[in-house]
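Taking it in order: structure first as structure tokens, then the write-up.
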Amino acid sequence: MSKQAAVKALDFRGYKYVETMTQVERAAHALDWAAQASPKQFVAYNVLLKAITGQATMPRLKSDDVELLRSRMSRVRKILREKYGRGLTMNPGVGTRATIDSVDQLTTDVSAAAKRAASAGRGLVAAASLVDITEVPATAENRPWLQWWKGSLRQQVAMISSPEYLRKLLPPKDDEEHGTDAEATPAKAAGGGAS
């Protein structure tokens with residue numbers, strides 16, 4: 001089945017939106033409903049918008065309203081976590097969906113967050129590498145920054161800059177793509193894993 005066919009398969013006819021909710025709350029509510037009605041089924045953003053607004057016709061995928069909804073997905077994610085105990089996963093060109101259980105959450109939302117954290121860590125290391133702390137004058141204005149650098153940031157940057165540290169953040173599929181295997185990781189070779 002193609003990705004496009006998978007998106008069209010979800011039917012929102014049984015879904016009833018709550019008029020008193022904001023658009024973001026409606027989107028989270030609809031994705032929670034969809035996770036129960038059709039687990040792991042991605043929803044195109046225009047289909048989601050139609051479901052939460054009750055529009056008679058399908059909005060165009062590239063319409064301003066659909067793009068606005070898409071731009072609000074970080075707020076939808078927050079509501080899904082806080083109110084429904086679900087994560088949010090997105091598949092570019094296909095759509096979005098709420099996670100259905102802990103396995104789904106671990107392999108999609110947590111995995112994506114770990115990739116973002118590793119990328120952010122590399123960015124922090126690159127930014128910090130441009131600092132020559134000897135060039136920062138020990139003035140009253142700079143004192144909090146120097147204390148931050150010397151007190152914790154320097155050690156954290158050193159830890160993050162370790163390839164082993166960043167590798168441990170990446171999900172298993174990414175570990176395999178980067179050439180690591182069970183022999184290179186003693187915990188995996190011993191049958192253990194991160195807890």
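Coordinate-derived values only; no laboratory data. Just so you know, these numbers come straight off a predicted model, no measurement behind them. In this analysis, Cβ positions are derived from the backbone assuming ideal geometry, glycine residues included, and neighbour counts consider all displayed protein chains.
Observations
- Part-to-part distance (alpha-carbon centres) for the range 17-36 and the range 129-146, which is given in Å: 49
- Convex hull per residue volume in Å³, alpha carbons only, for the range 3-100: 89
- Highest average packing first - 44-50, 165-171, 114-120, 83-89, Cβ atoms within 10 Å: 44-50, 83-89, 165-171, 114-120
- Out-of-range pairs (alpha-carbon distance over 20 Å; input LYS78/LYS168; LYS40/LYS62; LYS16/LYS50): LYS78/LYS168; LYS40/LYS62
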